[in-house]
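Input: one structure, supplied below.
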Amino acid sequence: MPRRFENLLVTGGAGFIGVNFIRWLFTQPDCPRRIINVDKLTYAGNPLSLLDLEKSVGERYVFRKADICDAAAMKEVIETYAVDAIAHFAAESHVDRSIVAPDDFVRTNIIGTYTLLQAAREHAAQIKLFHHVSTDEVFGSLGPAGFFTEETPYAPNSPYSASKAASDHLVRAYHETYGLPTTLSNCSNNYGPYQFPEKLIPLMILNASEGKPLPVYGDGMNVRDWLFVTDHCAAIWQVMQHAAPGATYNVGGRNELPNLRVVEKICDLVDAKAPPLPNGQPRRSLITFVKDRPGHDRRYAIDCAKIERDLGWQPAETWETGFARTVDWYLQNTEWCAQVRSGEYQKWIATHYG
């Protein structure tokens, strides 16, 4: 029988994947009675992305501005809302930022996860599951062949991936040592609606639509596996409902592409869907190669056979359909994009949440 949850705590629910997870979950017949979204609202957290949902579902959705490193705040949320499950998305997640300011990543991704695990352990009688959302970057870099599996040794190469690897180990340790019911998923690169525009795909869509340069690291041949965000949401929910305590699953989109091919595809889609550039040039002409970043892993590729076999999950979107949906969303939601890029939404946050 699938697990049933009454009061689900989602950390980082104002971020890209968290927003999509909450929105998607409220469309499902087995959605928990109440979802409590805890987010610190750093630069990439945008509660405006859930404002329409908040109005439509009423008291079934609760937002609390709080830091997962604040033990007293986490205890209060768990007790106030009788939380019986946790989906832990909250994390600093941008590799470039981790190179410049690794301290933020150590604090949020390691200390924050520890604090949340401790809070769950202290309320073990009511917590049915702690699910931790992680990344394939913990495995390091692949050669031209092969795939990451659940048995691949960890070999992180950036402060970001090292901090996520540490949090993964803590989750596993809390299950093995204290018997906390945990599950863990390592996903490939997500894309789709509501992603902060510093990330590759939204940045390229918006720059291409505006005729701005499209910076590509190195030779553009760094390979990633691309996973449409709602496919990832469905996978997480399958794991949370059906996986055995202590289980780990890799989640991939089976869409392995070099970064340059991704940017070229975006250019072609924007050419087809947006007004032409003033000079009439194709948007591929905007591609500019820039110096590669330090520790840039050459290739990631996920083997998601285990979750397909055990839980019956498969990605619904191909890269062709997913990219088209994503380009359409950003071109049709220019107001959201303008708010995020200008920082205007931060004024709304300051007014409503202090």
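Being within 26 Å of ASN189 (Cα to Cα) and aliphatic (A, V, I, L, M) is the requirement here; does ILE78 meet it?
no
Tell me which residues, restricted to the stretch 12-36, are out of contact with any strand residue (DSSP E or B) (no Cβ under 9 Å at 6 or more places or on another chain), in a loop (DSSP other than H, G, I, E, B) and without any contact (Cβ under 8 Å) to a residue 60 or more places away in the chain.
Once the filter is applied, which keeps residues that are out of contact with any strand residue (DSSP E or B) (no Cβ under 9 Å at 6 or more places or on another chain), in a loop (DSSP other than H, G, I, E, B) and without any contact (Cβ under 8 Å) to a residue 60 or more places away in the chain, the stretch 12-36 yields THR27, PRO29.
Related question: Please go through the stretch 251-272 and give me each residue that is surrounded by fewer than 24 Cβ atoms within 10 Å (Cβ to Cβ) and within 30 Å of PRO32 (Cα to Cα), ordered by number.
Within the stretch 251-272, just ARG254 meets the criteria.
Can you run down the residue pairs with Cβ atoms below 7 Å, 6 or more apart or on separate chains, where the first is in the stretch 327-340 and closer than 19 Å to LEU200 by Cβ and the partner is in a helix (DSSP H, G or I) and among the aliphatic types (A, V, I, L, M)?
Sorted first by the residue in the stretch 327-340, then by its partner, the pairs are VAL327/ILE205; VAL327/ILE266; VAL327/LEU269; VAL327/VAL270; TYR330/ILE205; TYR330/LEU206; CYS337/LEU206.
Might you check whether a residue that is in contact with a strand residue (DSSP E or B) (Cβ under 7 Å, 6 or more places away or on another chain) and surrounded by 19 or more Cβ atoms within 10 Å (Cβ to Cβ) occurs anywhere in the stretch 94-112?
No, the stretch 94-112 has no match at all.
How many of the residues in the stretch 11-52 are over 16 Å from the mean Cα position of the chain (by Cα), of a type in the set (Val, Ile, Thr) and either more than 15 Å from PRO193 (Cβ to Cβ) or crowded, with 23+ Cβ neighbours inside 10 Å (or both)?
Summing the residues that are over 16 Å from the mean Cα position of the chain (by Cα), of a type in the set (Val, Ile, Thr) and either more than 15 Å from PRO193 (Cβ to Cβ) or crowded, with 23+ Cβ neighbours inside 10 Å (or both) in the stretch 11-52 gives 2.
Only residues that are surrounded by fewer than 16 Cβ atoms within 10 Å (Cβ to Cβ) and among the aliphatic types (A, V, I, L, M): list them for the stretch 323-348, please.
ALA338
Given (1) in a loop (DSSP other than H, G, I, E, B); (2) aromatic (Phe, Trp, Tyr); (3) surrounded by 21 or more Cβ atoms within 10 Å (Cβ to Cβ), where does TYR154 come up short, assuming only one miss?
Looking at each condition in turn, TYR154 falls short on (3).
Can you give me the number of residues within the stretch 53-73 that are among the aliphatic types (A, V, I, L, M) and within 23 Å of PRO193 (Cα to Cα)?
Residues flagged as among the aliphatic types (A, V, I, L, M) and within 23 Å of PRO193 (Cα to Cα) within the stretch 53-73 amount to 3.
Hey, LYS212 hits all of (1) closer than 17 Å to ALA301 by Cα; (2) at pLDDT 95 or above; (3) among the basic types (Lys, Arg) but one; which does it fall short on?
(1)
Now for a different question. Of the residues ALA82, ALA90, only one is assigned to a loop (DSSP other than H, G, I, E, B), under 30 Å from THR334 (Cβ atoms) and in contact with a strand residue (DSSP E or B) (Cβ under 9 Å, 6 or more places away or on another chain); which?
ALA90
Any residue at all in the stretch 224-231 that is more than 16 Å from the chain's Cα centre (by Cα) and either farther than 23 Å from VAL138 by Cα or not basic (Lys, Arg) (or both)?
no
The values are calculated or read from the model by the stated rules, or taken from the named source; none is laboratory data. Treat the numbers as computed from the prediction; the structure is a model and nothing was measured. For neighbour counting, all protein chains shown are included, and Cβ atoms are generated from backbone atoms with ideal geometry for every residue, glycine included.
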